[in-house]
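S.K.: Here it is: the structure, laid out below.
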Amino acid sequence: MKFHINSFSLALRAQKLSKRTVTMYCEAVAWFAAEHLIAGGQLNEIDRRHHTGGENPPPFDPVDNWEHVTRYHVEAWCVRLLNRGHADSYVNNQYRCLHAFFQWLSEEEEIPNPMGRMKPPKVALKPVPVFSDEEIDRLFGQFKGKDLWTRRDHALLLLLRFTGIRLMEAAALRIEDLDLGERVALVHGKGSKDRTVKYTFETARALDRYIRARSRHRFSYLPHLWIGPKGSLTSSGIYQLVERRAAQVGLEGVHPHRFRHHFSHTWLENGGAEGDLRELNGWESDQMLRHYGRSAAAARARRGYDRIMEDMH
């Protein structure tokens, strides 16, 4: 089974998918095979420790050949993941990884696709909360010092707030991608698609202060914009940085992606054009506009009501 996963990885890389995407797809398939198929669907300690109360499907004879995988095996795996408490969006993502694999396998080996008539698990839309003015004040009010790491964290959070760039895009930024005079950054987005984003004067000043302090650090020669005590900051490092800074002022549920929702909401609330937001966020369809705009759509609707109806008698 491992050989087919390696071949699948090769096929994905031939499509010029990102390394992160290829890893996600192949890890999902390998996990499904090792923990579910080969184990015959037997529950393990993870299932018992995180069981949320749902009824788990019965086990089956161990499967060590992709040709013997059936629809039941995939559905049972999805149920196990849901019963472990994984979000439906996460299970949906795992499903889609498996679907891509079996579609490739069916075409490559000319065997029936067990997922051919399956439908992905439904994802309940859960709007991500945007920041309140009080939360923004608390989060950014902590940056009083002039040391390198304070300047770095301040500049990073401002850039996330005022551009809405993705976590991976922030981590991939290089110093040469910034034009502080024009207040623009060249962002390397999904699917190797670059775009230019604008940021505020406040953000430009914070970036300038950070870069000046950065120039005196022993890792100043590194091309990546964001550095830490051990070298360039990874996506994981940035994620932890954001969580830590939020925790220091008593805020919970703060992660880099929440800034993307906040940026989109702020843009739309202040009358920004949807087409411009789509360009700035690097979206290819209007579906993402609807998804990100839902976070505070009710609040915008109420304010719109007052603006429209207040003059009517």
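The values are calculated or read from the model by the stated rules, or taken from the named source; none is laboratory data. What you see is a predicted model; the values in this text were computed from it and never measured. For neighbour counting, all protein chains shown are included, and Cβ atoms are generated from backbone atoms with ideal geometry for every residue, glycine included.
S.K.: Which residues, taken from segment 126-184, are of a type in the set (S, T, N, Q) and crowded, with 20+ Cβ neighbours inside 10 Å?
M.R.: So the first thing to find is which residues in segment 126-184 are of a type in the set (S, T, N, Q), and the list is 132, 142, 150, 163.
Within segment 126-184, just Thr163 meets the criteria.
S.K.: So how many residues does segment 259-313 have that are within 29 Å of Leu156 (Cβ to Cβ) and either surrounded by fewer than 19 Cβ atoms within 10 Å (Cβ to Cβ) or at pLDDT below 75 (or both)?
M.R.: At the first step, the residues of segment 259-313 found to be within 29 Å of Leu156 (Cβ to Cβ) are 259-285, 287-297, 299-300.
Checking which are either surrounded by fewer than 19 Cβ atoms within 10 Å (Cβ to Cβ) or at pLDDT below 75 (or both) leaves us with 266, 269-276, 278-279, 283-285, 287-297, 299-300.
Selection size over segment 259-313: 27.
Let's see how each residue does on (1) within 25 Å of Asn281 (Cα to Cα); (2) touching a Cys at 6+ places or on another chain (Cβ under 8 Å); (3) without any contact (Cβ under 8 Å) to a residue 12 or more places away in the chain; (4) not in a helix (DSSP H, G or I):
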| residue | (1), (2), (3), (4) |
| --- | --- |
| Arg209 | no, no, no, no |
| Arg212 | no, no, yes, no |
| Phe219 | no, no, no, yes |
| Leu222 | no, no, yes, yes |
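S.K.: Separate question: Anything in segment 204-257 that is closer than 12 Å to Asp153 by Cβ and of a type in the set (Ser, Thr, Tyr)? List them, or say none.
M.R.: Within segment 204-257, Tyr210 is the sole residue that qualifies.
S.K.: Which ranges mark the helices (runs of 4 or more DSSP H) fully within segment 1-106 that have 1 or more residues being under 27 Å from Ala172 (Cβ atoms), outside the structural domain of Lys193 (by TED's automatic domain parsing) and modelled with pLDDT under 95?
M.R.: In segment 1-106, the matching helices (runs of 4 or more DSSP H) lie at 2-14, 19-32.
S.K.: Which condition number in (1) of a type in the set (Gly, Ala, Ser); (2) in a helix (DSSP H, G or I); (3) over 25 Å from Leu17 (Cβ atoms); (4) in contact with a helix residue (DSSP H, G or I) (Cβ under 7 Å, 6 or more places away or on another chain) is the one that Ala170 fails?
M.R.: That leaves (3) as the condition not met.
S.K.: When the residues of segment 197-246 are filtered to those that are aromatic (Phe, Trp, Tyr) and surrounded by fewer than 20 Cβ atoms within 10 Å (Cβ to Cβ), which remaining residue is modelled with the lowest pLDDT?
M.R.: Here the residue is Tyr239.
S.K.: So is Asp147 farther than 25 Å from Arg212 by Cα and in the same structural domain as Ala185 (by TED's automatic domain parsing) or not?
M.R.: no
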